[in-house]
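S.K.: First the structure, then my questions, so here it is.
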Amino acid sequence: MEEQRRYSEKEKTSRERGLLYRWQGYSCTVNPEKVLLPRPVCHAALGISHGVLLTEDGLVYSFGDLYWRHSSRSQALSPVLEGFVGGQRVLRVSAGSFHCAAITDDGVVHAWGENANGQCGVSDLSLVPSPTPVSIVDDETVPPERVWILDVACGAQHTLALSGKHEVWAWGTGCQLGLVTNVFPVQRAQKVEHLSGRYVLQIACGGFHSLALVRSLPPLKSSRQSSETCGQCRQPLYTVIDKDDHVIISNNHYCPLGVELTDEKQGQRSNQGSPALMAKTELSGPDQQVFTGLFEDFCPGQKALDGSCRDDAAKKETFHQEPAPVSVTDSSAALPKNLKRTKTKSSPYPDEQALKDYLRRMSDQSLSENFEAVPTEGSRPPSRQTSLKDRCRVDQHDKPMFPALAPLTIRDVTNLSDVAPVATQNRAVSCQDSLTGANKSASLSDVRIEDTDGLGRRRSLPGLLSKGSPLFVRQGFPKKVGASTLTTSGVSKTENLFPSLYTEVWSWGRGQDGQLGHGDSLPRLQPLCIKSLSNKEIVKVVAGSNHTLALTAQCQVYSWGSNKLGQLGHMDSSTVPHLVKVSEGIRVWDVAAGQTHTLLLADGDCIQPILYYSGKQVQEGQDSHASTCTQTPTLLPFCMNLGYVSSVFAGGLNCLALADQNAMGFISTLHELASAERKLYCTLSRVKSQILRPLLSCLGQTSMQLFQTVAGCFSRLCHLTGQHAISLNSFLQNSRDVKTLTILKKADIFLDTYKEYSVPLGNFLVMGGFQALVKPAQECFGKKLELAQKLLELKEKDASPSDLLLKLLYMPLQHLCDYGRVLLKMTACFDVSSVEYRRLQDGCLQYEVLAHLVSKQRKDAEATHSFWKNFSGKSLESLRKPSRRLVCESGNKDLTLQNSGRFSVNTFILFNDTLVHAQFSSHFIYPLATLWIEPVSDENGKWLRAINQAVDHVLGLGQNGQVISPSGSQRAEPPVSRTATYTFTKEGRLKEATYNGRWLSGKPHGKGTLKWADGRVYCGTFKHGLEDGFGDYMMPNKTLNKFDRYKGHWKEGKMHGFGTYWYATGEVYEGSFQDHQRHGHGMMSSGRLASPSSSSVFVGHWLNDKKAGYGIYDDITKGEKYMGMWLEDQRQGSGVVVTQFGLYYEGAFSNNRMTGVGLLLCEDDTAFEGEFSEDWLLNGKGVMRMPNGDSFEGIFVGEWGSELKVVGTFLKPSLYETETEVNQVGRYAVPAEQKWRAVFEECWSRLGCEFPGQGENDRAWENIAVILTSSRRKQTDSPQMLSRSQCKLLESLEVIPQHRGSVSAQAYDIIRRYLIKACDTPLHPLGWLLETLVTVYRMTYVGVGSNRRLLQQAVEEIQSYLRRIFQLVRFLFPGLPEEGGFIPESSEGAGSDSLSDSSQSDSTQQGWIVSSSSLLLPILLPRLYHPLFTLYSLEREREEELYWDCIVRLNRQPDLSLLTFLGVPQKFWPVSVSILGKEKEVLPSTKDACFATAVETLQQISTAFIPADKLQVIQLTFEDVTQEVQTMLGQDFLWSMDDLFPVFLYVVVRAQIRNLGSEVSLIDDLMEPALQHGELGLMFTTLKACYYQIQHENTTCF
């Protein structure tokens, strides 16, 4: 029943929203027709005679004249459902004159309809009957990538698309494409290069013209040279106007070049030239020289604070127009360092990298990726694709609250605010607002008119200046500019969170009716900025067939183009934007343009929106040549019957309105909020421009500083309000999910902005600023301030001027109550238990609390102002400060001084930062930050509480770093560092928590213990009031009645760094944390009991508390181990699974399942390679190979280990066929270089490098010294003291090995010894790295991982370790040669045996060949030997059995019999042997006596770990054999292989080495390359041959 009720409510709600109405014209007889669809409509678009509708479930319907459909229903009176391939969900739709387009949720454009001009992007079809994907590929990337599309717009013969990178792509026919081509039609989407590098917000298409709304940004400093003339008309881009005391440089250049268009046919070339370099010239042109901060319009700059502001308005205007200095350097000098580095080489020719760098500099390609890596201001040469995305993203870190210590016990304990305060003082901003005194010149004839708006033509892209530009013609000019330097501020942090109000409109295409807005009727082949719309805050552009509309954030509409039927909303046609005149109080917030009409959606006197229409009247039976029209916007009388309209659409002669019924009052509340916000922004904008700006030039210096601060904060609040109003429009037209409501989702930004405004406004009130404003205001606006009364909409006329100004500036703060009221009203629309209800309640509470706080701040400011106004003591006037507030004074709260004189008069005044004791003409000041209170009686409790509260407040300000130092005498400050115990009582995360430990300036700082009332305990170090450093944290788990425990490092109150977390469930995590989450490398042991009885173990990389990247998961319960890639806690990507039953699988994983192609091997060598759909579930094509060579090839279905259904072919190899191909293990596994990247990245990070190999060598050694020193100090304080040898080792490692230039043999030995010590110390970064690698390696290849199939991967992983560690070593020791480099032996080190002989070169020149194996394998391999050798043993198990059987049989024979059997010549048979110093004759029965010394030596091969040591054992064995033979045959004897092999074979047999095959394989895989072809290599080859010979010996005779 409950589900049915919810379903019925959902259906009812769907019927009340998304209602679509259709009509034509504006007469009183028009009755809108309701368009009926099964689901609510969320978006629509109209063409000339057709339309497309998008429902909220992503379906698309078409109606009207659909002549491109191959069916009898081409004329669809009712909407017809369109089919999309794959059933994708559609997000956006658009309609051209006779074609349509849609965007699916995979970012692909689908088009259909008329395609005669290529507007559908499909080849060889004139009509496209159904939605067809359009291929949009970026060929500039390598490899080419598919472009993700966000929006699409359609015209008559062309289509535009907006990509995810906010670039514009176009296809179709005509100059409206904006492409550098003259071949039409363009059937393959191409990028509009002229807009590359700009952040395009919106696109729109008219009949034969195009528009783009671009976000403008502050200009970046540039060092690239630019052209000085326009690429089209060859006119100067810069103009210089020399005046008496300054020079004005303008870049306000309009290109007058136009091309007369002719009718174009498919495949015909147009008359346009081929300006191939036009885009580059345009983009490399200069930008504006003046830019004022986005929000800092009114904030005082340094000139204002120094009292050197301009004297009059004329000087202000001149100052505003002067360009800022721009430093110009060579373009190559600005390249990042990593691009200019080249390797030293002997060839005189440039290498490939140098060629690429040269071509990159010469071309106009993007260097944005490199610039993002080196974001040094002024060093980024911008290009046409320089990334202009706002990077000013400010993360809000919540900080815990530490209330003040209890009064009367200890002081200086500050409240740590949960919200980081936003500073409002000391901002480096320009002295003048961007709109102050701006001259609105609209001249289009003289391009030498200076840029009166102060903003250049291309604010959307950084400007470029060359050394030949007119800016540098006059030598004295830079000095003049430097005398009045302006500072530019970056984009605010809200620019990425809210819609941008700093926009430009660009247009291109045909302009015969002036629809481009450039002041003429010429066409534009490339996008050109409409200068007259700069600074108009355009938020939306729409285009009709031959006219264009632009909507501003202040609810105004600009129109231009054809006005034959009054569609512009005014009387005359216009080639430049003109304001559409609507009634006062009407605020337009959505617009639509049809073929000959305009539709406006606006706010009226009530909450419900209203509709206005201007243009052609459409009536049935009316002659088309005698059409009537309205030239001014006319109210549509039926609009109130439609409901709450949220969007309007127009096309052809039709109009559409998307409306909602007021379901439960929710829709009306949303419209009420949006309407109020739009109205507030319009009012604030008028106050800013009409009130604040004129007053800035009329105040004195003291009031000017305070008022500028107020005005600057007012400007920021106004801007935020405008952004919020636009976001509410989008909210009404889209999802309407309350959880995404901006005032809830980004409440912190709103609260901070209102707080920022409230504080300086109160300061201005305290200093009597409103009274000082009265006279200047009356001079500007008249004695009664009629303008202020009009803005306030006050009915009473008797308010004083100061009260009017006060109400006017406090008016925005009253809007906080409106927020709380509307949010509370919305809660009635949701269930009490819903998430939306809780969010709304929380938001309502936040705004109500802030409203109460703001009201209290105003009352405090008014009380303080009244106190100073009525206080008679002139001596205290110096204490009057803007931020100082009165708390109480002895006049209204009695307080007497003990033991005072009979006639003494004492006055006590308590401010929020000081306590003042006035006595006669003198006064004493006691700063509250250093004040202790000792009560002597209870009769002054009010004063005591007031002082304690004031002290708490002052100590709370201490966390911001603001030191209060009032003038006057003050007692000595108490120590800022102390040990104390305090129980926190205020709200926050520390409520009722008790802290015992060290304090610094009112914050826990140092070692301490923090205990909460709910049982949580933290014992460790603090820093500035937050857990920071090493600590032990325990948290009770009430469900399991156990504790969660974390022991590790903290940073800024969060788990950050390495630590161990014991969960109450029995799980244990040991690894890296970041922001309270498992992040980085770590190991998680899961199970009911703690390790080693865990049911599963995971070791690998974590990302935001989830497994991500490479990792090992050992499921002990199931007996399986997974080694591969992870994503979001699921197996995803390549991986390997081994089981305890011998199964081995490698292949692809998706969503935690074996999915895709893989290889499955059994213990008996049965192999299957094919497709899987689930774990161990075969499903698809594959090949199964049997151990005997038989195979199945076909389709397999079923689970491995149970029944398998096979449809295929059975193959039986013939006797003469060669052996079948063995399955190559490891093809589908993760490459060794991709394993454990996080471990190596952590090591690089500890060395101070962001990326491997990129960093400073000196900094790395400093980090090592700091780590070792701090670790040694921590270990000294710990209960487990370090031994003396360990301390000596750490001290020796702190000394940086000194070497310069190339490494000598002696230095090489020092490096080798240092590495041995460093790797033996886990505190050293290299030691930690080695210890971690050993752990993960053993986790991988021990237990279930001891599978012989993993041998090759284990070997490759070790080799990968060596390469990556060697990279670290070479970074620490830059003089060390590369892999395979040679170090000659110095004369003084010729006799040194410190280096292994195995690493010496066999060349005539003595020395050492440097390799990762020779340097690092002796350190690494002994720690990994056991799991690795186990894998070798398992891999060679069958061979080893055969070998050992032969060894056992052969060793039963006496020496002479064995020598005879092995074919050893008799001359090598010993006649006698020495046993315990006695010579004994070798008899036929003698056993284990011949070559006994060599046998014992060879047996030591099993005790050596690294290949070099094993080879040395083999070499010693050969020397022992040779020595014994030379004793019998003379010292001149030389071996031949025919003689040596049988003798050495005898020694190998008698040595009886178990797993000799594994030893041989290990040496063969890990032997240094330099030794493979030398003498040791020959000896090893002999041993290998002996091993294979023993396996093939016929021992049946024994």
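The values are calculated or read from the model by the stated rules, or taken from the named source; none is laboratory data. As the structure is a computational prediction, the values presented were derived from the model and not from experiment. Heads up, the Cβs are rebuilt from the backbone with ideal geometry, glycines too, and the neighbour counts pull from every protein chain shown. In case anyone asks, the SASA skips ligands and DNA or RNA and just uses the protein heavy atoms, side chains included. Shrake-Rupley method; radii C 1.70, N 1.55, O 1.52, S 1.80 Å.
S.K.: Restrict the check to the range 507-528 and report whether at least one residue is at pLDDT 95 or above, crowded, with 21+ Cβ neighbours inside 10 Å, under 20 Å from residue 201 (Cβ atoms) and among the hydroxyl-bearing types (Ser, Thr, Tyr).
M.R.: Scanning the range 507-528 turns up at least one residue that is at pLDDT 95 or above, crowded, with 21+ Cβ neighbours inside 10 Å, under 20 Å from residue 201 (Cβ atoms) and among the hydroxyl-bearing types (Ser, Thr, Tyr).
S.K.: Checking the condition at pLDDT 95 or above and open to solvent by 20 Å² or more (accessible area, probe 1.4 Å), which residue from 649, 666 passes?
M.R.: Answer to the selection: 649.
S.K.: Criterion first (part of a loop (DSSP other than H, G, I, E, B), over 17 Å from residue 1008 (Cα atoms) and either open to solvent by 30 Å² or more (accessible area, probe 1.4 Å) or at pLDDT below 90 (or both)) does residue 1066 satisfy it?
M.R.: Taking the combined requirement at face value, the residue satisfies it.
S.K.: Taking the range 533-562 as the search range and keeping residues that are modelled with pLDDT of 95 or more, under 13 Å from residue 507 (Cα atoms) and among the hydrophobic types (A, V, I, L, M, F, W, C), which one is nearest to the chain's Cα centre (by Cα)?
M.R.: Looking at residues that are modelled with pLDDT of 95 or more, under 13 Å from residue 507 (Cα atoms) and among the hydrophobic types (A, V, I, L, M, F, W, C), I get 541.
S.K.: Filter the range 91-113 down to the residues that are touching a Phe, Trp or Tyr at 6+ places or on another chain (Cβ under 7 Å) and surrounded by fewer than 23 Cβ atoms within 10 Å (Cβ to Cβ) and list them by number.
M.R.: If the condition is that a residue be touching a Phe, Trp or Tyr at 6+ places or on another chain (Cβ under 7 Å) and surrounded by fewer than 23 Cβ atoms within 10 Å (Cβ to Cβ), then 104, 107 are the ones that fit.
S.K.: Residue check: is residue 1172 in contact with a Ser or Thr (Cβ under 9 Å, 6 or more places away or on another chain) and crowded, with 20+ Cβ neighbours inside 10 Å?
M.R.: yes
S.K.: Any residue that is crowded, with 22+ Cβ neighbours inside 10 Å, under 14 Å from residue 1448 (Cα atoms) and touching a residue at least 40 places away in the same chain (Cβ under 8 Å) - is there at least one of those in the range 1557-1577?
M.R.: no
S.K.: Considering only residues of the range 1530-1584 that are assigned to a loop (DSSP other than H, G, I, E, B) and hydrophobic (A, V, I, L, M, F, W, C), which is modelled with the lowest pLDDT? Step through it out loud before you land on a result.
M.R.: Within the range 1530-1584, the subset assigned to a loop (DSSP other than H, G, I, E, B) is 1530-1536, 1552-1555, 1567-1568, 1572-1574.
Retained after the next criterion (residues that are hydrophobic (A, V, I, L, M, F, W, C)): 1533-1535, 1553, 1567.
On the way: 1533: 81, 1534: 82, 1535: 78, 1553: 89, 1567: 85.
Step by step, filter the range 1530-1584, then rank; the result is 1535.
S.K.: Quick check, is residue 1057 within 31 Å of the chain's Cα centre (by Cα) and under 16 Å from residue 1012 (Cα atoms)?
M.R.: In short, no.
S.K.: Specify which of the listed residues (921, 900) is modelled with pLDDT under 85 and surrounded by 11 or more Cβ atoms within 10 Å (Cβ to Cβ).
M.R.: Details: 921 fails: surrounded by 11 or more Cβ atoms within 10 Å (Cβ to Cβ).
None of the others qualify; the one that does is 900.
S.K.: Go over the candidates 1189, 1142, 1182, 1135 one by one and state the one that is buried (at least 20 other Cβ atoms within 10 Å of the Cβ) and modelled with pLDDT under 90.
M.R.: 1182
S.K.: Of all the residues that make up the range 1456-1483, how many are open to solvent by less than 30 Å² (accessible area, probe 1.4 Å) and either within 60 Å of the chain's Cα centre (by Cα) or in contact (Cβ under 8 Å) with a residue 40 or more places away in the chain (or both)?
M.R.: Residues in the range 1456-1483 being open to solvent by less than 30 Å² (accessible area, probe 1.4 Å) and either within 60 Å of the chain's Cα centre (by Cα) or in contact (Cβ under 8 Å) with a residue 40 or more places away in the chain (or both): 6 in total.
S.K.: Check 1552, 1515 and return the single one that is within 24 Å of residue 1442 (Cβ to Cβ) and surrounded by fewer than 18 Cβ atoms within 10 Å (Cβ to Cβ).
M.R.: Values: 1515 fails: within 24 Å of residue 1442 (Cβ to Cβ).
Among 1552, 1515, only 1552 is within 24 Å of residue 1442 (Cβ to Cβ) and surrounded by fewer than 18 Cβ atoms within 10 Å (Cβ to Cβ).
S.K.: Based on what the data block shows, is residue 1524 open to solvent by 40 Å² or more (accessible area, probe 1.4 Å), in contact (Cβ under 8 Å) with a residue 40 or more places away in the chain, closer than 24 Å to residue 1410 by Cα and among the charged types (D, E, K, R)? Walk me through it before giving the result.
M.R.: On the way: open to solvent by 40 Å² or more (accessible area, probe 1.4 Å): yes; in contact (Cβ under 8 Å) with a residue 40 or more places away in the chain: yes; closer than 24 Å to residue 1410 by Cα: no; among the charged types (D, E, K, R): yes.
Answer is no for this residue.
S.K.: So is residue 28 loosely packed, with under 14 Cβ neighbours inside 10 Å, among the hydrophobic types (A, V, I, L, M, F, W, C) and over 23 Å from residue 116 (Cβ atoms) or not?
M.R.: yes
S.K.: Mind counting the residues in the range 174-195 that are aromatic (Phe, Trp, Tyr) and either touching a helix residue (DSSP H, G or I) at 6+ places or on another chain (Cβ under 7 Å) or modelled with pLDDT of 95 or more (or both)?
M.R.: Residues flagged as aromatic (Phe, Trp, Tyr) and either touching a helix residue (DSSP H, G or I) at 6+ places or on another chain (Cβ under 7 Å) or modelled with pLDDT of 95 or more (or both) within the range 174-195 amount to 0.
S.K.: Taking into account only those residues within the range 874-892 that are open to solvent by 70 Å² or more (accessible area, probe 1.4 Å) and of a type in the set (D, E, K, R), which is modelled with the highest pLDDT?
M.R.: Checking each candidate, the answer is 881.
S.K.: Do you know which of the residues in the range 754-793 that are of a type in the set (Lys, Arg) and modelled with pLDDT under 85 is least open to solvent (accessible area, probe 1.4 Å)? Show your work before the answer.
M.R.: Taking the range 754-793 and keeping what is of a type in the set (Lys, Arg), we get 755, 775, 783-784, 790.
Those left that are additionally modelled with pLDDT under 85: 783-784.
On the way: 783: 164, 784: 144 Å².
My answer is 784.
S.K.: Would a scan of the range 155-164 turn up a residue that is out of contact with any Gly (no Cβ under 8 Å at 6 or more places or on another chain) and more than 19 Å from residue 52 (Cα to Cα)?
M.R.: Checked the range 155-164: at least one residue is out of contact with any Gly (no Cβ under 8 Å at 6 or more places or on another chain) and more than 19 Å from residue 52 (Cα to Cα).
S.K.: Scan the range 1318-1333 and tell me whether some residue there is at pLDDT 85 or above, surrounded by 17 or more Cβ atoms within 10 Å (Cβ to Cβ) and closer than 22 Å to residue 1229 by Cβ.
M.R.: Yes, the range 1318-1333 contains a residue that is at pLDDT 85 or above, surrounded by 17 or more Cβ atoms within 10 Å (Cβ to Cβ) and closer than 22 Å to residue 1229 by Cβ.
Conditions (1) closer than 21 Å to residue 725 by Cβ; (2) in contact with a strand residue (DSSP E or B) (Cβ under 9 Å, 6 or more places away or on another chain), marked per residue:
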site	(1), (2)
632	no, yes
637	no, no
640	no, yes
649	no, yes
655	no, yes
664	no, no
669	yes, no
677	yes, no
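S.K.: Same structure, new question: Given the structure, is residue 204 at pLDDT 95 or above, crowded, with 24+ Cβ neighbours inside 10 Å and closer than 23 Å to residue 559 by Cα? Before the answer, list the steps.
M.R.: Working: at pLDDT 95 or above: yes; crowded, with 24+ Cβ neighbours inside 10 Å: yes; closer than 23 Å to residue 559 by Cα: yes.
Considered against the rule, which asks whether it is at pLDDT 95 or above, crowded, with 24+ Cβ neighbours inside 10 Å and closer than 23 Å to residue 559 by Cα, residue 204 comes out as yes.
S.K.: Here's something else I'd like to know. In the range 1353-1396, which residues are assigned to a strand (DSSP E or B) and either at pLDDT 90 or above or surrounded by 18 or more Cβ atoms within 10 Å (Cβ to Cβ) (or both)?
M.R.: Quick first cut of the range 1353-1396, residues assigned to a strand (DSSP E or B) only: 1382-1384.
Across the range 1353-1396, the qualifying residue is only 1383.
S.K.: Going by the structure shown, is residue 686 in contact (Cβ under 8 Å) with a residue 40 or more places away in the chain, open to solvent by 20 Å² or more (accessible area, probe 1.4 Å) and over 30 Å from residue 804 (Cα atoms)? Spell out how you get there, then give the answer.
M.R.: On the way: in contact (Cβ under 8 Å) with a residue 40 or more places away in the chain: yes; open to solvent by 20 Å² or more (accessible area, probe 1.4 Å): yes; over 30 Å from residue 804 (Cα atoms): no.
So residue 686 does not fit the description; no.
Results for (1) under 23 Å from residue 513 (Cβ atoms); (2) touching a Gly at 6+ places or on another chain (Cβ under 7 Å); (3) buried (at least 22 other Cβ atoms within 10 Å of the Cβ), shown as yes or no for each residue.
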{"site": "550", "(1), (2), (3)": "yes, no, yes"}
{"site": "567", "(1), (2), (3)": "yes, yes, yes"}
{"site": "583", "(1), (2), (3)": "no, no, no"}
{"site": "604", "(1), (2), (3)": "no, no, no"}
{"site": "610", "(1), (2), (3)": "no, yes, no"}
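S.K.: Taking the range 70-102, which residues are closer than 17 Å to residue 172 by Cβ and under 38 Å from the mean Cα position of the chain (by Cα)?
M.R.: Result: 94, 95, 96, 100, 101, 102.
S.K.: Exactly one condition in (1) out of contact with any strand residue (DSSP E or B) (no Cβ under 6 Å at 6 or more places or on another chain); (2) in a helix (DSSP H, G or I); (3) farther than 22 Å from residue 1082 by Cβ; (4) charged (D, E, K, R) is false for residue 1338; which is it?
M.R.: Tallying (1) out of contact with any strand residue (DSSP E or B) (no Cβ under 6 Å at 6 or more places or on another chain); (2) in a helix (DSSP H, G or I); (3) farther than 22 Å from residue 1082 by Cβ; (4) charged (D, E, K, R), residue 1338 fails exactly one: (3).
S.K.: Among the residues of the range 812-854, what is the count of those that are in contact (Cβ under 8 Å) with a residue 24 or more places away in the chain and crowded, with 16+ Cβ neighbours inside 10 Å?
M.R.: 25
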